[in-house]
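Colleague: My questions will all concern the structure given below.
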Amino acid sequence: MEHIQNPKLFIKKIIDSLTPKGRFIIEVPNVDDPLLSVYNIEEFMKFYWYPYHLYYYSKQTLNNIMAQFEEINYKIKLRQRYGLINHLRWFIKGKPGTYNKKIYLLDNIYIFCLNNILNVSDTLIIHGEKNEINE
């Protein structure tokens, strides 16, 4: 959706294409990525502010868009795709890794802290469902 010129029209077309109780999922980068909003890593800022992204979204900006559509129920969830090793690489080398290696126990704790304590993530996911038609 960050590449779409008219996000509101895009959402409307998705909703119109759904049957009642039909569902959709949209995933976008989060402007409240911890490498920006918590750690303020300059090299990541240069990497993140990609010129082909027309829009950047936070949980609040997505809520502002989605709340305009009364015909759906939706939830916006935080999802942290990159873990501790990726973030440490940004700290140490100032660039992304070529792979996303996981340290499962540490990553689970780290991601829990990012999402549930600091309320940040690198990705936002919208889960939506079209309301039933009441006649």
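The values are calculated or read from the model by the stated rules, or taken from the named source; none is laboratory data. The structure presented is a predicted model; accordingly, all values stated were derived computationally and were not measured. FYI the Cβ positions are ideal-geometry reconstructions off the backbone, even for glycines, and counts take in every protein chain you see. Surface areas here come from the heavy atoms of the whole protein model, side chains and all, with no ligands, DNA or RNA. Shrake-Rupley method; radii C 1.70, N 1.55, O 1.52, S 1.80 Å.
Colleague: Out of all the residues in region 43-67, which are of a type in the set (Ser, Thr, Tyr) and more than 21 Å from Lys77 (Cα to Cα)?
Modeller: To start, the set of residues in region 43-67 that are of a type in the set (Ser, Thr, Tyr) comprises 48, 50, 52, 55-58, 61.
Tyr50, Tyr52 - these are the residues of region 43-67 that are of a type in the set (Ser, Thr, Tyr) and more than 21 Å from Lys77 (Cα to Cα).
Colleague: Turning to a different aspect of this structure: Consider Ser121 against the criteria (1) open to solvent by 30 Å² or more (accessible area, probe 1.4 Å); (2) assigned to a loop (DSSP other than H, G, I, E, B): it satisfies all of them except one. Which criterion is unmet?
Modeller: (1)
Colleague: Now for a different question. If the Cβ limit is 7 Å and pairs must be 6+ apart or interchain, which residue in region 4-30 that is within 16 Å of Ile72 (Cα to Cα) and open to solvent by less than 90 Å² (accessible area, probe 1.4 Å) pairs with which residue that is assigned to a loop (DSSP other than H, G, I, E, B) and of a type in the set (Asp, Glu)?
Modeller: Going by the 7 Å Cβ cut-off, the qualifying pairs are Ile15/Glu71; Pro20/Glu132.
Colleague: Looking at (1) surrounded by fewer than 16 Cβ atoms within 10 Å (Cβ to Cβ); (2) modelled with pLDDT of 95 or more; (3) farther than 23 Å from Ile11 by Cα; (4) not basic (Lys, Arg), which is the only condition Gln80 fails?
Modeller: (1)
Colleague: Continuing with the same structure: Within region 103-118, work out how many residues are touching a residue at least 12 places away in the same chain (Cβ under 8 Å), open to solvent by 20 Å² or more (accessible area, probe 1.4 Å) and closer than 16 Å to Lys59 by Cα.
Modeller: Here is the first cut: in region 103-118, the residues touching a residue at least 12 places away in the same chain (Cβ under 8 Å) are 103, 106-107, 110-111, 114-115, 118.
Keeping just the survivors that are open to solvent by 20 Å² or more (accessible area, probe 1.4 Å) gives 103, 106, 110-111, 115, 118.
Filter again for closer than 16 Å to Lys59 by Cα, leaving 115, 118.
Qualifying residue count, region 103-118: 2.
Colleague: Also: Could you check, for region 83-102, whether at least one of its residues is touching a residue at least 12 places away in the same chain (Cβ under 8 Å), more than 20 Å from Met1 (Cα to Cα), surrounded by 11 or more Cβ atoms within 10 Å (Cβ to Cβ) and in contact with a strand residue (DSSP E or B) (Cβ under 7 Å, 6 or more places away or on another chain)? Outline the logic, then answer.
Modeller: Keep residues of region 83-102 that are touching a residue at least 12 places away in the same chain (Cβ under 8 Å), which gives 83-87, 90-91, 94-97, 100-102.
Adding the requirement that they be more than 20 Å from Met1 (Cα to Cα) leaves 83-87, 90-91, 94-97, 100-102.
In the following step, the residues that additionally are surrounded by 11 or more Cβ atoms within 10 Å (Cβ to Cβ) were identified as 83-87, 90-91, 94-97, 100-102.
This time we only want the ones that are in contact with a strand residue (DSSP E or B) (Cβ under 7 Å, 6 or more places away or on another chain), so: none.
No: region 83-102 contains no residue that is touching a residue at least 12 places away in the same chain (Cβ under 8 Å), more than 20 Å from Met1 (Cα to Cα), surrounded by 11 or more Cβ atoms within 10 Å (Cβ to Cβ) and in contact with a strand residue (DSSP E or B) (Cβ under 7 Å, 6 or more places away or on another chain).
Colleague: If a residue must be out of contact with any His (no Cβ under 9 Å at 6 or more places or on another chain), within 18 Å of Asn63 (Cβ to Cβ) and hydrophobic (A, V, I, L, M, F, W, C), how many such residues does region 17-35 contain?
Modeller: So the count comes out to 2.
Colleague: Condition first: of a type in the set (Gly, Ala, Ser), surrounded by 13 or more Cβ atoms within 10 Å (Cβ to Cβ) and either more than 20 Å from Met1 (Cα to Cα) or touching a Pro at 6+ places or on another chain (Cβ under 9 Å) (or both). Can you find one or more residues in region 49-59 that meet it?
Modeller: Initial filter on region 49-59 (of a type in the set (Gly, Ala, Ser)): 58.
Checking which are surrounded by 13 or more Cβ atoms within 10 Å (Cβ to Cβ) leaves us with 58.
Next, only the ones that are either more than 20 Å from Met1 (Cα to Cα) or touching a Pro at 6+ places or on another chain (Cβ under 9 Å) (or both) stay: none.
No, region 49-59 contains no residue that is of a type in the set (Gly, Ala, Ser), surrounded by 13 or more Cβ atoms within 10 Å (Cβ to Cβ) and either more than 20 Å from Met1 (Cα to Cα) or touching a Pro at 6+ places or on another chain (Cβ under 9 Å) (or both).
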